Amino acid sequence: MSAPLFLVDALPAGATLTLDGPEGHHAATVQRLRVGEELLLADGRGGTAAAVVDAVGKGTLDVRLISRGYVDASVPRIVVVQGIAKGDRGELAVQAMTEVGVDEIVPWSASRSVTQWRGERGVRAREKWAATAREAAKQARRAWLPVVAGTPDESTQAVVRRIAGAAGAFVLHEEAPDRLTVADLPATGEIVLVVGPEGGIADPELAAFREAGARPVRLGPAVLRTSTAGVAALSVLATRLARW
């Protein structure tokens, strides 16, 4: 089994680090790492380090770095605009997409989103998505932590602007004649992928996205849930872009 990964604000300049706070508690108390065991550290921005435990305290670890590395950011960058879903479906989507390799997730307040993020509720919901992405990145041993955008969510017009500035943009739609598996993909820049909420994407939204330059595409004959459509599409892109 590969060594567990823990996220830190910054990798130390020297050869030692005391891992404390929530990450130290998780390492020492939950995972019960012991002296001599190895772990990975990452700053969420590509920087990594392999380390070994020198001492264990109450909710803390003293570790010694044994090697350092850096993982380049993926090119092109993949951004998923995820329609806000009810219940825990949005979090399930965030978790799976992070594990597959999404670079940024944009919560979208679609007209057919049953749940709307407003005020403090919206701030808390976005923070929950960010926390879910963080934990999923650790589970997947990712050097780059996905960005969760939005303040706390994005309007359709904001998504239109994002599409207009992208190198390539696609909207998942069950009635699209073209398949994502054969669509032309840019080699650099940003790919924006739009996933609708449970009720789907309204015609005016689809028209606005197409006018901004997005291409409607489908995955196959089945209609997928909003919690699985994004990860399925990311799997296609990861394969076609040779990430996998």
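Values in this text are rule-based calculations from the coordinates and carry no lab data. Only a predicted model underlies this, so the values are computations on that prediction, with no experimental measurement involved. As a convention, Cβ positions derive from the backbone with ideal geometry for all residues, glycine included, and neighbour counts pool all protein chains shown.
Observations on the structure shown:
- Thr226, Thr18, Thr156 arranged by Cβ crowding within 10 Å, fewest neighbours leading: Thr18, Thr156, Thr226
- Rounded Å value of the spacing that divides the Cα centres of the range 138-203 and the range 34-108: 21
- Model label zone, Arg68; criterion: amide N under 18 Å from point 7 Å along Cα-to-beta-carbon; scope the range 5-40: 6-19, 39-40
- Within the shell of other residues whose beta carbon sits under 11 angstrom from the beta carbon of Gln82, the net charge comes to -3, with Lys and Arg scored +1 and Asp and Glu -1.
- Exposure proxy ranking for Lys138, Lys128, based on other Cβ atoms within 10 angstrom of each Cβ and starting from the fewest, stands as Lys128, Lys138.
- Extended-chain gain in nm, criterion 0.36 nm per residue less alpha-carbon gap, Arg225 and Ala50: 59.2 nm
- Net +/- balance of residues flanking Val106 in space, Cβ distance below 9 Å, scoring K and R +1, D and E -1: -2
- Contour excess over end-to-end distance, with Cα ends at Thr16 and Ser2 and 0.36 nm allotted per residue: 2.9 nm
- Top positive-direction residue, dipole computed over the range 77-240 with Cβ charges, set Val194, Pro107, Val94: Val94
- Potential extension, Val75-Arg161 segment - 0.36 nm per residue separation minus Cα distance: 28.9 nm
- This model, with +1 at the C-beta of Lys and Arg and -1 at the C-beta of Asp and Glu, gives the range 113-184 a dipole about its Cα centre of some 500 debye.
- Per-residue Cβ neighbour rank within 10 angstrom, fewest leading, Trp144, Trp244: Trp244, Trp144
- Rounded to 5, percent antiparallel among DSSP beta bridges of the chain: 45
- Using a Förster distance of 35 Å, the FRET efficiency for Ala207-Glu120 (Cβ separation, nearest 0.05): 0.55
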